[in-house]
Every structure is written in structure tokens, then in C-alpha cells.
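Q: If you scroll down you'll find the structure; I have some questions about it.
The values are calculated or read from the model by the stated rules, or taken from the named source; none is laboratory data. This is a predicted model, so every value here is computed, not measured. For accessibility, only protein heavy atoms count, side chains too; no ligands or nucleic acids. Shrake-Rupley method; radii C 1.70, N 1.55, O 1.52, S 1.80 Å.
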Amino acid sequence: MTVYARVARTAGRTAVRSQRRQMGGSHAPAPEWTGIDKVVRGYFPEDYQLAGAILSGYGVLILAAVIKSSIGGKAPEPEPAAPVAAPAASSGDLPSIESPEFEKFIESADDAAIMKWVESASD
């Protein structure tokens, strides 16, 4: 028998005889709860019960907020301000692009007036 085979066989037998730890089943004594934990654990002794109670509490809070917002209605929207009419452009002023006089200005203006408008736009 080779050394490798002997070590493998011995290790296999040792592993079978050693203690195995199993999942589940807590053999530790139950902790002694004090204060608010003692009161809460009186109603929900298991961890899953306490977790369910906490999640249910959050669910109730969220549901109450949703119901309150749907019942409360929406805030009234402010009325839009009336548009202010642009002052009429005098002969020396440049009209605004949004004003109806701008189209007349472009059609009837000479090169000097257009260049004045271009320079004012670049400022």
C-alpha cells in the first residue's frame, strides 16, 4: 500500500467518526429579555413573529400616508399671470424678436439697422 493511499484511507475514517454539526435547532438557552424587549417578546416570542409585526407596522404607516394624500386633495394651482404687452418700438429702438414689429423691421430695414441689431444681440 502506498503512503498516499494509507493517508487517504485514514483521513476518511477519521472524518466519519468526528462530530458533525447539523443546521437548525438551537440548543442555547432563551435569552432573558428586559425593558421594552420583555414587553414586546411577551406578545411576539419568536423572531419571525417580531419581524412580521415590524413589517406590518411599516405597511400600515405607508397605507395611512397614501390614504391621507388621496383624501386631502391637491393644492390649488396658482393662476398664470397675464402676459405684459411689449412697448411699441420707436423709430430708433430695436424691436424684440417676439414682437409683431420684428417682421416689419427685418423687411424694411437697411443694412445699418440690421448690423445694429446683430451687434446688440452679440452683447
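Q: Confirm whether Ile54 is modelled with pLDDT of 95 or more, open to solvent by 60 Å² or more (accessible area, probe 1.4 Å) and not in a loop (DSSP other than H, G, I, E, B).
A: yes
Q: When the stretch 3-43 is examined, which residues are found to be open to solvent by less than 90 Å² (accessible area, probe 1.4 Å), at pLDDT 65 or above and part of a loop (DSSP other than H, G, I, E, B)?
A: Ala28, Ala30, Pro31, Gly35, listed by residue number.
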